[in-house]
Amino acid sequence: MELLKQQILPLVQEAVSKLGTSNLPIETMLQPTRELDQGDLTLPCFPFAKALKMSPVAIAESLASDFPKHTSLCEVTAINGYLNFRVSPHWLASQLLTGAMETTHDVAERSVLIEHTSANPNGPFHVGRARNAILGDTLVRLHRLWGHEVTAEYYVDDMGKQVAVLAWALEHLSSSEVERLLSDRDAVNPTWETKADHQRVRWYQAAQKLRQHEDEAPAIEKAIGELVHASENGDQSVLDSFEQAYQPVLDGMLETLGRLGIQFDRFTKESRFVTNGEVSALMDELGALEINGTADNGAQYLDLGARGLKGKTEFFYRRGDGSSLYATRDIAYHRWKWSMSNELINVLGEDHKLQAKQVGLTLEELGLERPEVVFYSFIKLPEGKMSTRQGNVVFMDDLLEEAKAQAAKVVADLRQDYEQETIHHIAEAVGTSAVRFNIINVSPEKGFSFRWEDALSFESGSAPFIMYSHTRACSIHRRVSELLGSEVKTTINLPKELPQGLVDLLRVLGRHNDCLRKVVLEHRPHLFAEQLLHLANGYNAFYRDCYIIDEGEVNEFFYLVSELARDVLRKGMEGLGIVPLESM
RNA sequence: GGGCGUGUAGCACAGCUGGAUAAUGCACCGGCCUCCUAAGCCGGAGAUCGCGGGUUCGAAUCCUGCCGCGCCCGCCA
């Protein structure tokens with residue numbers, strides 16, 4: 001609890017120095033307690049033992065008995081060699097209710113560019129890609145919540161083989177040929193028949209099949225190879241035809257993402273860096289580097305072994321025919337990104353780890369910094385990895401429909417007086433929020449298997465649990481507004497005794513910004529999801545212990561706490577992309 | 001074979017810049033709706049922190065060796 005730490009750190013430092021210890025880093029040693037029932041901050045006294053020739057238990061006790069009184073503290077105790085500090089609930093309440101949560105930020109002026117999703121526009125958005133989009137968008141939202149200026153960017157892979165295959169198929173295959181080739185697969189879900197991403201992916205999949213099995217494969221391969229080559233050389237007519245092929249698919253994907261509350265500020269096309277000459281300029285620069293090498297056929301690489309890379313150390317950036325590679329364009333792209341922002345964050349699948357390292361080392365070689373990268377492990381189906389090519393995917397459109405349907409069932413069951421329209425509105429919010437939460441709740445580097453029953457869980461420890469607490473706070477707000485109009489007092493009259501549920505809620509609120517700071521700095525949104533669960537839990541206990549409206553009378557102090565919690569809950573939910581409904 | 005990551009209750013998952021009785025949810029057992037929305041609340045039970053060594057006053061956390069799982073090791077994207 002930074003709020004408390006700021007107050008007592010000087011006191012602790014003074015007390016420790018009085019005992020006569022050398023200069024240990026008290027600031028980092030004074031940490032949040034692990035055992036919440038022991039207090040809010042703790043100072044382990046073990047490291048002092050040697051210098052003082054006293055037992056840690058005795059040191060802690062001595063410090064505790066002499067510790068000066070301070071308004072922010074209600075208790076200082078010594079247990080098992082720990083010096084524990086408990087925040088005064090009255091002090092905490094008055095701090096929180098006078099805007100402490102707004103003023104604790106010291107946000108540096110930063111313009112953050114977060115690139116995420118950037119999936120190849122060759123088919124509908126599927127759950128295997130969801131982790132990137134949800135992780136990325138949550139980072140965008142949390143950085144904004146913290147006060148950073150953020151640009152959310154989608155890097156569009158508008159050249160290369162995947163789009164080439166799609167473009168080729170759309171031009172050369174008829175609808176009946178496509179369906180014949182895919183006769184052993186499920187037909188398009190009728191719900192999405194008119195959605196371009198679901199339509200066009202059939203052409204892509206049919207072409208992939210042709211490329212593997214038919215006699216005509218070599219000819220197709222040649223045609224596609226020519227398209228790829230032309231696109232890599234910046235042939236505008238080919239790039240235009242690619243765009244015509246993928247843009248409707250991309251639009252369909254973005255529609256799906258929009259349903260999850262995911263939006264982008266900018267789309268940057270990969271081909272841009274080829275057509276504007278930056279890639280070829282870059283390759284010339286790389287060629288002049290000390291660690292540059294040339295293969296027999298003229299292909300060029302950097303020997304990154306000289307920069308500490310292990311394993312395969314040659315990083316090829318130019319082919320024998322002089323054309324660039326994906327990673328080369330990525331470097332040009334990063335150079336451009338650095339020209340606009342002073343913090344770069346990329347969200348990438350773990351399969352990109354090596355390449356990200358190569359790109360990062362090369363950027364350093366060019367005198368630039370590496371971007372920060374958040375890696376995540378893939379979402380698998382219980383049957384294995386998802387692949388658009390093979391068609392074993394769960395489409396996000398289907399998941400969201402199913403989530404909504406399940407949520408609608410729950411709402412209709414619980415709220416039998418609601419109109420259909422209301423039920424649909426709530427179900428949509430609950431469904432999409434639950435899907436997001438289910439994914440963001442897990443730390444990114446951990447493997448994740450998609451299971452319907454988990455994705456559609458609406459019980460405690462899920463988004464609806466948080467949403468429900470928030471609606472309780474909203475309901476109270478409505479009722480109090482009816483009772484008091486706008487005559488809510490702003491002077492606080494604290495009762496002597498504060499109920500436990502209230503104290504616990506204040507303490508969760510007191511830790512809230514500590515958590516947000518850590519999450520933004522370390523890119524670990526799952527910890528913020530956990531914080532919101534604690535907050536919702538805390539609000540529920542407060543709601544249980546403290547009647548804000550009792551026999552028609554409003555307890556104004558309780559109400560102010562409720563309103564603070566409502567505000568923090570709502571902002572936090574927005575930070576996670578959970579829809580803050582006002583009733584459900 | 002080499003590199004990176006991961007392994008915590010029946011299941012899922014937090015904690016990993018060393019600190020107290022390893023947190024949370026599901027499932028399981030028991031209790032709570034004449035009272036601000038019970039999608040809730042309270043209580044109970046459940047863990048050789050993958051296995052073996054080491055460092056330390058102290059190890060789930062750091063080092064090391066094994067084992068399981070995932071990803072990567074293209075002049076592909």
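Numerical summary
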item: Leading residue by the ranking (nearest to A:Ala463 (Cα to Cα)) among those in the range A:410-443 that are among the small types (Gly, Ala, Ser) and surrounded by fewer than 21 Cβ atoms within 10 Å (Cβ to Cβ); result: A:Ser443
item: Condition met for A:Ser443 (of a type in the set (S, T, N, Q), within 8 Å of RNA strand B (Cβ to nearest atom) and either over 19 Å from the mean Cα position of the chain (by Cα) or over 14 Å from A:Ala130 (Cβ atoms) (or both)); result: yes
item: Output for the range A:72-86, where each listed residue is in contact (Cβ under 8 Å) with a residue 40 or more places away in the chain and β-branched (Val, Ile, Thr); result: A:Ile79
item: Test: residue in the range A:548-565 that is of a type in the set (Gly, Ala, Ser) and more than 21 Å from A:Phe465 (Cα to Cα); result: yes
item: Selection within the range A:271-298 - more than 18 Å from A:His334 (Cβ to Cβ), assigned to a loop (DSSP other than H, G, I, E, B) and either of a type in the set (S, T, N, Q) or within 15 Å of RNA strand B (Cβ to nearest atom) (or both); result: A:Ala295, A:Asp296, A:Asn297, A:Gly298
item: Elements of type helices (runs of 4 or more DSSP H) in the range A:91-182, at least 1 residues being under 29 Å from the mean Cα position of the chain (by Cα); result: A:100-103, A:130-146, A:161-172
item: Scan of the range A:47-63 for residues that are at pLDDT 90 or above, surrounded by fewer than 20 Cβ atoms within 10 Å (Cβ to Cβ) and among the hydrophobic types (A, V, I, L, M, F, W, C), ordered by number; result: A:Val57, A:Ala58
item: Search result, residues across the range A:30-46 that are touching a strand residue (DSSP E or B) at 6+ places or on another chain (Cβ under 9 Å) and either loosely packed, with under 13 Cβ neighbours inside 10 Å or closer than 26 Å to A:Leu96 by Cβ (or both); result: A:Leu30, A:Gln31, A:Pro32, A:Thr33, A:Arg34, A:Glu35, A:Gln38, A:Gly39, A:Asp40, A:Leu41, A:Thr42, A:Leu43
item: Qualifying residue in the range A:442-452 (condition: under 19 Å from A:Gln531 (Cα atoms), of a type in the set (Val, Ile, Thr) and at pLDDT 90 or above); result: yes
item: Flag if A:Glu402 is outside any loop (DSSP other than H, G, I, E, B) and at pLDDT below 95; result: yes
item: Residues satisfying the stated conditions in the range A:377-397, i.e. more than 11 Å from A:Gly128 (Cα to Cα) and under 22 Å from the mean Cα position of the chain (by Cα); result: A:Asp397
item: Where a residue in the range A:41-57 is more than 16 Å from A:Val76 (Cβ to Cβ) and its partner, wherever it lies, is more than 8 Å from RNA strand B (Cβ to nearest atom) and among the small types (Gly, Ala, Ser), with Cβ under 6 Å and at least six apart; result: A:Ala51/A:Ser22
item: Subset of the range A:537-553 (residues that are more than 7 Å from RNA strand B (Cβ to nearest atom) and either within 14 Å of A:Ser460 (Cα to Cα) or surrounded by 20 or more Cβ atoms within 10 Å (Cβ to Cβ) (or both)); result: A:Gly538, A:Tyr539, A:Phe542
item: Positions within the range A:452-471 being surrounded by fewer than 21 Cβ atoms within 10 Å (Cβ to Cβ) and within 6 Å of RNA strand B (Cβ to nearest atom), in sequence order; result: A:Phe458, A:Glu459, A:Ser460, A:Gly461, A:Phe465, A:Tyr468, A:Thr471
item: In the range A:80-90, the residues that are part of a helix (DSSP H, G or I) and touching a helix residue (DSSP H, G or I) at 6+ places or on another chain (Cβ under 8 Å); result: A:Pro89
item: Hits in the range A:108-130 (condition: surrounded by fewer than 22 Cβ atoms within 10 Å (Cβ to Cβ) and not hydrophobic (A, V, I, L, M, F, W, C)); result: A:Glu109, A:Arg110, A:Ser111, A:Asn120
item: Filtered residues of the range A:307-329 (kept if basic (Lys, Arg) and in a strand (DSSP E or B)); result: A:Arg318
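The values are calculated or read from the model by the stated rules, or taken from the named source; none is laboratory data. Quick caveat: nothing in here was measured; it's all calculated off a predicted structure. Cβ sites come from the backbone with ideal geometry, for glycine too, and all protein chains shown count toward neighbours.
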